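Read through the structure below, which is laid out as structure tokens, and then see the notes.
The values are calculated or read from the model by the stated rules, or taken from the named source; none is laboratory data. Treat the numbers as computed from the prediction; the structure is a model and nothing was measured. Counting neighbours? That spans all protein chains shown, and the Cβs are built from the backbone with ideal geometry, glycine included. Heads up: the accessible areas ignore ligands, DNA and RNA and are worked out on the full protein's heavy atoms, side chains in. Shrake-Rupley method; radii C 1.70, N 1.55, O 1.52, S 1.80 Å.
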Amino acid sequence: GTLDWSLSDSLRLVSITNWQDFEKRYREDVDATPESLFIFTQGMDSNQWSQEIRLHGEYDRWIWVGGVYYLAIDSDFQTTTDILNCCLVLFDNSYTIDTESYAAFGQTEFAISERLSLIAGYRWTEDKKDIDAVPTCMNAAPGDVLGLPADPCTLFFDGTAQIGPPLISGRSESDWSGVLEIDWRPNDDWLVYAKYSRGNKAGGYNAGATFLFDAATAFDFDGEVLHSYETGFKGVLFDGMARLNGSVFYYDYEDFQSFASQGPNLIVFNTDAENTGFEIELITNPAAGWEFLFGVSVQSAEQKDVEVAGDVRDRPMPNAPDLALNGLGRYEWSMFGGMMATQLDFNYVDERSLNGIDHPALVGDSYWLGNARLGYTTGDERWNFAVWVKNF
């Protein structure tokens with residue numbers, strides 16, 4: 001529900017209220033055999049609501065916005081991993097996670113002169129999370145019946161949270177984010193900018209289908225802080241026939257929230273990280289009906305001092321390809337009283353690690369993706385017909 005209220009010619013009040021409810025039930029026989037050896041079941045009930053109130057002002061050379069925000073999420077989860085028929089155990093895990101977040105924020109833009117403007121913003125956020133997890137492990141039969149030295153749960157999973165006591169915990173944290181930017185327009189066709197911004201992401205808990213980890217070291221993870229430095233330009237060329245945008249950036253992460261598959265668990269963990277790169281994009285309209293776009297993104301993203309099995313070294317940041325390309329060609333012309341258009345577009349993604357641990361089995365291959373489309377729009381724009389091929 002959105003309320004947009006003009007209090008005066010220069011003052012506006014905005015209220016946004018949101019409520020969502022989710023229910024999920026999922027069951028799968030995952031062993032890929034005719035037998036029921038490994039059955040996974042998952043259920044979730046979650047609801048959330050949020051409220052944001054903003055006040056906008058605009059006076060001559062000064063534009064500003066300020067507001068407050070509240071978010072509440074209540075979630076109940078239930079997962080079972082039934083491997084009784086192959087491995088003599090069944091995991092039955094239930095947990096609830098409650099989240100609350102409060103924030104106050106403000107941002108302003110001030111035109112120092114006709115060509116120079118300054119942007120500054122600040123946000124303070126309070127986050128609170130509570131978790132109540134009850135992991136259990138059930139044996140098909142006691143160890144003495146099977147001739148084992150211990151029950152299967154204890155024999156295979158001793159020392160993990162899966163057969164430990166309930167995990168009840170809460171965490172509260174507060175942090176700030178903000179931006180400081182200066183924009184310079186040397187003429188009507190060019191914008192040059194430099195920007196520093198600080199962002200933060202709250203910490204949380206690792207919980208899921210299994211709790212096969214040491215609760216003392218892997219149950220929770222800390223918040224993340226990003227310091228971002230960026231400079232770039234946006235320009236119009238050849239009397240409007242082309243637009244050129246470019247930027248150079250450096251990201252400095254404190255306690256970057258990485259993730260790794262450890263057995264059946266997906267574990268989020270903290271490590272420092274850095275990312276340096278640039279992006280450039282060219283859009284041209286060389287003649288009536290024609291449009292071309294080409295973009296390049298280059299980055300070098302590394303996690304610092306990640307330890308795996310006693311080996312400590314820098315590792316690639318997950319899902320951060322060194323090179324990405326995208327392009328588009330489009331032609332539009334009049335036909336049958338309407339407009340016909342044909343378009344080809346593509347993108348390329350370099351190989352990248354799919355995990356915080358750069359194991360060869362967890363590196364995604366590079367790929368090209370191409371799409372084609374031919375469309376017709378009637379002169380009154382009430383009808384549009386198209387044939388297309390995705391991923392040719």
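Within segment 317-337, residues that are surrounded by fewer than 15 Cβ atoms within 10 Å (Cβ to Cβ) have Cβ atoms under 6 Å from residues that are in a loop (DSSP other than H, G, I, E, B) in these pairs: TRP333/GLY289; GLY337/GLY379, counting only partners at least 6 apart in sequence or on another chain. Filtered by the rule that a residue be over 11 Å from LEU226 (Cβ atoms), of a type outside the set (A, V, I, L, M, F, W, C) and out of contact with any Lys or Arg (no Cβ under 8 Å at 6 or more places or on another chain), segment 251-280 gives SER258, SER261, GLN262, GLY263, PRO264, ASN265, ASN270, THR276, GLY277, GLU279. Can you tell me which residue in segment 340-367 is nearest to THR284 (Cα to Cα), limited to those that are in contact (Cβ under 8 Å) with a residue 40 or more places away in the chain and not charged (D, E, K, R)? Ranking the qualifying residues of segment 340-367, first place goes to SER366. When ARG373, ARG313 are checked against the criterion of being touching a residue at least 24 places away in the same chain (Cβ under 8 Å), open to solvent by 70 Å² or more (accessible area, probe 1.4 Å) and farther than 25 Å from GLY246 by Cβ, a single residue qualifies: ARG373.
Scanning segment 59-107 for residues that are on the phi > 0 side of the Ramachandran plot and either among the hydroxyl-bearing types (Ser, Thr, Tyr) or touching a helix residue (DSSP H, G or I) at 6+ places or on another chain (Cβ under 9 Å) (or both) yields a total of 1. Residues that are surrounded by 15 or more Cβ atoms within 10 Å (Cβ to Cβ) and in contact with a Lys or Arg (Cβ under 6 Å, 6 or more places away or on another chain) within segment 224-245 comprise GLU224, GLU230, VAL236, ASN245, listed in sequence order. For segment 260-288, filtering for residues that are among the hydrophobic types (A, V, I, L, M, F, W, C), part of a strand (DSSP E or B) and either open to solvent by less than 20 Å² (accessible area, probe 1.4 Å) or farther than 30 Å from ALA207 by Cβ (or both) leaves 7.
Right, LEU344: modelled with pLDDT of 95 or more, in a strand (DSSP E or B) and open to solvent by less than 50 Å² (accessible area, probe 1.4 Å) or not? When the stated conditions are applied, LEU344 does not pass them. Going by the conditions given, is SER169 open to solvent by less than 70 Å² (accessible area, probe 1.4 Å), of a type outside the set (A, V, I, L, M, F, W, C), more than 20 Å from the chain's Cα centre (by Cα) and within 24 Å of ASP130 (Cα to Cα)? In short, yes. Meeting the requirement of 3 or more residues that are among the hydrophobic types (A, V, I, L, M, F, W, C), the helices (runs of 4 or more DSSP H) wholly within segment 46-162 are 84-87, 152-157.
Here VAL192 clears all of (1) surrounded by 18 or more Cβ atoms within 10 Å (Cβ to Cβ); (2) hydrophobic (A, V, I, L, M, F, W, C); (3) free of Cβ contacts under 8 Å to residues at least 60 places away in the same chain except the condition numbered (1). The number of residues in segment 172-192 that are assigned to a loop (DSSP other than H, G, I, E, B) and in contact with a Leu (Cβ under 8 Å, 6 or more places away or on another chain) comes to 1. Being touching an Asp or Glu at 6+ places or on another chain (Cβ under 6 Å), part of a strand (DSSP E or B) and hydrophobic (A, V, I, L, M, F, W, C) is a condition met by no residue of segment 370-379. Being open to solvent by 50 Å² or more (accessible area, probe 1.4 Å), of a type outside the set (Gly, Ala, Ser) and modelled with pLDDT of 95 or more holds for only one residue in ASP158, ASP130, ASP144, and it is ASP130. Annotation for segment 40-54: no member residue is without any contact (Cβ under 8 Å) to a residue 40 or more places away in the chain and of a type in the set (Val, Ile, Thr). LEU146 meets all of the listed conditions (1) touching a residue at least 12 places away in the same chain (Cβ under 8 Å); (2) closer than 13 Å to PHE91 by Cα; (3) out of contact with any Ser or Thr (no Cβ under 9 Å at 6 or more places or on another chain) but one, namely (2). Taking segment 14-40 as the search range and keeping residues that are among the aromatic types (Phe, Trp, Tyr) and open to solvent by 80 Å² or more (accessible area, probe 1.4 Å), which one is nearest to ALA72 (Cα to Cα)? Ranking the qualifying residues of segment 14-40, first place goes to TRP19.
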